[in-house]
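The values are calculated or read from the model by the stated rules, or taken from the named source; none is laboratory data. Worth saying up front: this structure is predicted, and the values here are computed from it rather than measured. Neighbour counts run over all protein chains shown; Cβ positions are idealised from the backbone, glycine included.
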Amino acid sequence: MSLQSMTGFARAVAEHDGTAIAWEVKSVNGKSVEVRLRLPSGFERLEPATRQAVQKRFARGNFQATLAIAHPGAIQAQPVVNEAFLKDLAGLARRLQEQFGATPATADGLLSLRGVLELPEAIETDEARAAIDQAIEATLAQALTGLEEARRAEGQALGSVLSGHLDSIEVLTARAEADPSREPATIREKIAEQVRLLMDNSANLDENRLHQEAAFLATKADIREEIDRLKTHVASGRALLAAGGAIGRKLDFLAQEFNRESNTLCSKSNAASVTAIGLELKAVVDQFREQVQNLE
């Protein structure tokens, strides 16, 4: 399965019996599938089917789908004014002006009120409605296919970037593993020097207890486990990228593990060189996690 980004845009148009249909769909990052719709008046009935179509296709993302319907060759219906209602509103406006000094009502203001100006609905048979609905759903399917293609194209590019970050993490892990400060003799010499300084400065220290503490510090300074886990996480990341699909959440968890190991490596470091590697590792992990947020 291929990777998908959570960002993309697509548009599909069609014509049915003189009616122009246009869908625009776009998506951005999201923790789950959330769908916002903009449908023309009279087409609210399509909302459940539209939401279901998006949810079947995608695993994550915030989606916005906009439907536009036009009847280029249709004769425009003449608006009908509810004169009785308009008269009542005009009288109310005059009373408000006389009693409370309200701003005088304008004709365009009154006509814009709901219920004053009405457009008669065209009579539509059940068969005609079913046919236009089917055409709209087919056009939506085309738009969603285009959105999938756009998300896959960006997902492929993200996969290459993430693979490069994993390569960098692997190189930095190897540098930390090969750093001279990790040699047992080097660690022993450094701790022995610290023990000598302490013994010289205080004659009351328990030498046996001091050596026990030194052994504990030597064990704590060993970053073998962190290096092994980093190697395992790199292998896991590559396996996930190779498998593809909706792996964004898994890679986000893996980024947290990378961050934990790089923090521990820095805290255990007994040399400036290893600390520098750990800090560089943290920077790469941050970049890795930032890109992962864009994956489905």
All but one of (1) over 18 Å from GLY164 (Cα atoms); (2) within 28 Å of the chain's Cα centre (by Cα); (3) in contact (Cβ under 8 Å) with a residue 40 or more places away in the chain hold for SER269; which doesn't?
-> (2)
Check region 111-131 and report whether any residue there is in a helix (DSSP H, G or I) and modelled with pLDDT under 85.
-> yes
Which residues, taken from region 1-41, are without any contact (Cβ under 8 Å) to a residue 60 or more places away in the chain and in a loop (DSSP other than H, G, I, E, B)?
-> GLY18, GLY30, LYS31, SER32, LEU39, PRO40, SER41
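Return yes or no: is GLU44 of a type in the set (Asp, Glu), closer than 16 Å to GLN142 by Cβ and without any contact (Cβ under 8 Å) to a residue 60 or more places away in the chain?
In short, no.
Which residues, taken from region 6-31, are small (Gly, Ala, Ser) and either surrounded by 15 or more Cβ atoms within 10 Å (Cβ to Cβ) or closer than 23 Å to ALA153 by Cβ (or both)?
Answer for region 6-31, where residues must be small (Gly, Ala, Ser) and either surrounded by 15 or more Cβ atoms within 10 Å (Cβ to Cβ) or closer than 23 Å to ALA153 by Cβ (or both): GLY8, ALA10, ALA12, ALA14, ALA22, SER27, GLY30.
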